[in-house]
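Let me begin by presenting the structure, written as structure tokens, before commenting on it.
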Amino acid sequence: QVQLVESGGGLVQAGGSLRLSCVTSRDIVNYSVMGWYRQPPGKQREVVATITTYGSTNDADSVKGRVTISRDNAKTTLYLQMKRLTPEDTAEYYCKAVRVGRFWGQGTQATASA
């Protein structure tokens, strides 16, 4: 059974930073396309950033220049470093892996106060 466990969310002031983590298995982190998604209150889930097995990354326009997605294969962890947060970044953040199926974590809440 594939498990993705997010952590690192919290409450920060606008302009602050957070680093989200998603711990999973070695098989998943090494061989999956992975990504971070978010769901703001009352809105649909949207992509934030993705990373391929080769390390190619793609960021959503709304966060470009403010986020960095990365993976540490040795720690079997996917990260999302976010900086210069605004209230519009407030959302539940989810980790996703795609490998012979789509797998989601349970989410971690990130809130940026004005």
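The values are calculated or read from the model by the stated rules, or taken from the named source; none is laboratory data. Since the structure is predicted, the reported quantities are computational estimates derived from the model, not experimental observations. Quick reminder, even Gly has a Cβ in these numbers, built from the backbone with ideal geometry, and neighbours come from all protein chains shown. Calculation scope for accessible area: heavy atoms of the full protein, side chains included, ligands and nucleic acids excluded. Shrake-Rupley method; radii C 1.70, N 1.55, O 1.52, S 1.80 Å.
For this structure, a couple of remarks:
- Close pairs (8 angstrom Cβ cut-off, 6 or more residues apart or separate chains): closer than 18 Å to Val5 by Cα in region 77-98, polar (S, T, N, Q) and at pLDDT below 95 anywhere: Ala97/Ser32; Val98/Ser32
- Among the residues making up region 79-106, a single one is closer than 11 Å to Ala49 by Cα and open to solvent by 40 Å² or more (accessible area, probe 1.4 Å): Gln81.
- Every test in (1) closer than 11 Å to Val12 by Cβ; (2) under 13 Å from the mean Cα position of the chain (by Cα) is passed by Leu85 save one, and that test is (2).
- Verdict on Gln109 being open to solvent by 60 Å² or more (accessible area, probe 1.4 Å) and in contact with a Gly (Cβ under 6 Å, 6 or more places away or on another chain): yes
- Scope region 25-64; condition among the aromatic types (Phe, Trp, Tyr) and open to solvent by less than 60 Å² (accessible area, probe 1.4 Å); matching residues: Trp36, Tyr37
- Yes/no for Thr76 being buried (at least 18 other Cβ atoms within 10 Å of the Cβ) and over 20 Å from Ser113 (Cα atoms): no
- Note on region 1-24: residues that are open to solvent by 70 Å² or more (accessible area, probe 1.4 Å) and modelled with pLDDT under 95 total 2.
- Residue list for region 42-91, filter: at pLDDT 95 or above and of a type in the set (Phe, Trp, Tyr): Tyr79
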